[in-house]
Structures are given as structure tokens and as C-alpha cells.
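The structure appears right after this line, and notes come after that.
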Amino acid sequence: MHFTTLLGGRLQWRHAFWATAGRTLAAGALLYGALAGSATAATESESASRPVNGYIALLLPGQAKAFKPAVDSIRAGVLAAERVHGGAEVPLVRVIDTTDKEEDIKAQYQRAVDGGAIAVIGPLTKSAINYLADSSELKVPTVALNGFDPTTLPQSQLYSFGLGVESDAAATAMLVRQEGGRQPVILQTNDSIGQRLAQGFSNAWREIHGSEPLVIRVANPRRDAPEIRQQLNDALPDAVFLAMDAKSARVVRPFVGNERAVYASNQINPGRLPATTLVDLAGVKYLDMPWLAAPDSEGYALYNRTRSSANDLERLFALGVDAWRIAAILSTGQRFERLEGLTGVLTLSPDNVVNRESVVRVMGRKPASASGSAEVAPEAAAPAVVNEQ
């Protein structure tokens, strides 16, 4: 069974994957292999009673209510991938629910490995990843669903694969540069999302351009938005990055005008949006994954997914699908060069970070299909190799 695929790349950017999944985590194309079997997740008793050569452990904080929506979506993606891509030669998945306590996660991880796990998907949070890396010698491939940070202890069997707003912003900075931008301005709200997006964009711009982008803070979008046009005219930028969520962007966007390119993160598209919001956000470019950018792509129907109206949950489902495919490859002792997944075209860096190529989307464009996010359509594939800090 082939897990790797090839796709001609055009533009490559590195940006960071997932510090958290924003409000979703707090609240809770294609050369796919043919359907190879009908394997389903094994329960503890089921797996113990059947002779298999190990299993893939899915280690998620299912006992923590705050993480339930995120955990449910990731688990659904992992099990869907196993059903579609699994087969007799691929170990079954065993779901292991934990609390959100680092000590419990470590104990359950060790229990899984001692019990025959040959690969692990998880942990989910950065703190759990760092605790596990600091306190254990990881002996099986471990696909952490979050980004490394400067304090993460490198281990040969520890891999990073996640989705983060900082990484999205960093990739957008690369897109701005690729499309000719030289003097962007960041419009940043003062909430956590705005601060993280602005930091991710600024860090990437400093690395690729050697200069600091101008940041204009928008403390109160409704109060401050009318002043934005004059501030932009004074700054003379050739691009604007909206470091904010969709609600704030809707207020700010009409005051930005159409004299320059306007970019945002995928936070601008939380799901189905009212027509009036789409008018306000028309023309804004952002990066997203194929699962949402082209929902009717060949092979996607195999996952038999009833799509949620919340795009954050759909992104986590896609993360689960691709995490299983990565773990299945690593469990054989191999690495992959290129893997075409639901979250994008994936490559693996020497430092064990899974990088991702994203798709450029434009708000207000005629949709490619009537399903999924009907308010936007893919403009063009824009590979973005991502690498979280």
C-alpha cells in the first residue's frame, strides 16, 4: 500500500503549526490509496483478544470537558482514515482517553507503549508534549498534535504536526512577499488571536525581508475603524494583513479600501457567513486546507463525513485523518518525502516537523461547489511549507 504521493510544487513557505486551536480547542488533489479494508478502531478488550502486531495509540484528553469538541473531531478523523486507508497490513487504532494532566498523559503513554503500541498519535497540548519529551525516552514514533517551542527537548521519535494561527500568519507573510508586497501594514486587535497573528506575521516578515512591518493597533474596531483609512494613507503600505477574527474583520475591512491587497488568516472564515458579511469581506485573501477549499475533491466522499458548519472542527477532522496517515508510515520505520493530505501537501523536515502546503482562497469569489464553505472558492494552489516555533 502506498502512502506517499508526489505533487509538483511552486511556492514554498515555512511557518509554524499550532499553539492551540483557538476557540475550538478551548470550547471543546489527490492520489489516495484505494479502499483497502474495513478496519475499525479496536476497543481495549477487542484488541487484547486478537493477535495483531502492535497497534497505533490515539492519546487524547477525552476526559477533559474543555477539549471535547476538538477531541471528538480529531478522533473522528483518525478513525475515518483508518477505515478508508487501513488494511490487514496496518495496525489497528486503539483510543486512549486521558485527563488534561501531564502526569496522567505520561502514564497512559507509557502504558500504551508497554502494551504494544508501535506508534502514538498525541499528545495534544504543548505542555503535555514538553512534559513527555522532558521526562521520557520516546521509543516509538510519536506524532504530537501541536507545535514544538524553544523549550521542547528534541527526540528522534518525536514529530510535530498541528494547526496554529501563528503558522497561518507566517505563511501569509510569505504569500504577501511572493505576490510582490514590500511594505505591509498589520491591523491588529488587542485580543489573544490578534496578538498571536500579528506576532506570527511579524516574525516571518523579519526573517524573509529583514525589516519590521508597521503595526496599527485597533483596540475597539467599531470606534477605531473610521480612522484606519487615513492611517493607511499616511503609511503608504502596499499590502494589509488583518490580524483579527471574522467579526472584527467585517467591521474593519470596508475602511481599508481596495487600493492595496488585503490578507487575513483562516480565522476570517469560521464557517457559513451571512451575505452581508461576505460583502464586507470581499476580496480578502487567506490560506486554508484543501478539505475546506475544495470540498468536492476526488476521494473525499470516502470519508463519509457530514460536515459541520464550524470550519475549526472540520480543520481538526482533517488533522486527524492526516495524523493517522503519518503515523501509519512512521510505524513501518520509514519516513515520507511528500504526502498529499486533507490539510495540504505534507513534507517532513529533518527536525521532525511536518510541513504543509496550503491553498490561497479569496472571500466573495464564486464557490466551486454547493457544499462545505459555500461563501468562498479556491483561487489557486499555493504550497506553504509550515514550521511552528
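How much accessible area per residue does the stretch 221-312 have, in Å², with a 1.4 Å probe?
Accessible surface, normalised per residue, equals 44 Å².
Over the stretch 141-253, what is the relative contact order in percent, taking alpha-carbon pairs closer than 8 angstrom and at least six residues apart? Kindly include the intermediate steps, with their values, before the conclusion.
Values: 158 pairs, mean separation 31.6, N = 113.
Relative contact order, the stretch 141-253: 28 percent.
In order along the stretch 347-357, the phi-based Karplus estimate (6.51 cos²θ - 1.76 cosθ + 1.60, θ = phi - 60°) of 3J(HN,Hα) comes to 9, 10, 7, x, 8, 6, 9, 7, 9, 9, 9 Hz; Gly and Pro are listed as x.
Using 1/(1 + (r/R0)^6) with R0 = 35 angstrom and r between the beta carbons of ARG335 and ARG272, what's the FRET efficiency to the nearest 0.05?
Details: r = 39 Å, r/R0 = 1.11.
That pair, ARG335 with ARG272, gives E of 0.35.
Could you provide, to the nearest whole Å², the per residue accessible area of the stretch 90-138 with probe 1.4 Å?
Details: 1900 Å² over 49 residues.
With the other protein chains kept in place, the stretch 90-138 gives 39 Å² per residue.
How many percent of the accessible area of the stretch 306-364 is carbon or sulfur, using a 1.4 Å probe?
Details: 700 of 1480 Å².
Ligands and nucleic acids excluded, carbon and sulfur reach 47 percent.
Here each label is just a point 7 Å from Cα along the line to Cβ, and for ASP134 and GLU227 those points are 4.2 nm apart. Distance distribution note for the stretch 261-357: the fraction of Cα pairs above 19 angstrom is 50%.
Relative to 2.2 N^0.38 Å, what does the C-alpha radius of gyration of the stretch 100-185 come to as a ratio? Two decimals please.
Numbers: Rg = 16.7 Å, N = 86, 2.2 N^0.38 = 12.0 Å.
Cα-based Rg divided by the globular estimate yields 1.40.
Summary of the geometry: the stretch 205-262 and the stretch 115-141, compared by the centres of their Cα atoms, lie 40 Å apart. Pairwise Cα separations in the stretch 49-154 fall into 5 Å bins from 0 onward with the following percentages, short to long: 2, 12, 24, 25, 19, 12, 5, 1, 0.
For the stretch 266-279, putting each phi into the Karplus relation 6.51 cos²θ - 1.76 cosθ + 1.60 with θ = phi - 60° gives couplings of 5, 5, 6, 10, x, x, 4, 10, x, 4, 5, 5, 5, 5 Hz, in residue order, rounded to whole numbers and with x for Gly and Pro.
When the alpha-carbon atoms of the stretch 290-340 are used, the pair Rg, Dmax equals 12.6, 38 angstrom. With q set to 0.23 Å⁻¹, the log10 of I(q)/I(0) for the stretch 126-237, from the Debye formula over equal scatterers at the Cα positions, is -1.20. Legend: distances between Cα atoms for LYS65/LYS106; LYS126/LYS247; LYS68/LYS139; LYS65/LYS285; LYS101/LYS285; LYS106/LYS285; pairs beyond 31 Å are LYS65/LYS285; LYS101/LYS285; LYS106/LYS285.
The values are calculated or read from the model by the stated rules, or taken from the named source; none is laboratory data. Since we're looking at a predicted model, the values are computed, not measured. Cβ atoms come from the backbone with ideal geometry, glycine included; neighbour counts cover every protein chain shown. Ligands, DNA and RNA are excluded from the accessible area calculation, which covers all protein heavy atoms including side chains. Shrake-Rupley method; radii C 1.70, N 1.55, O 1.52, S 1.80 Å.
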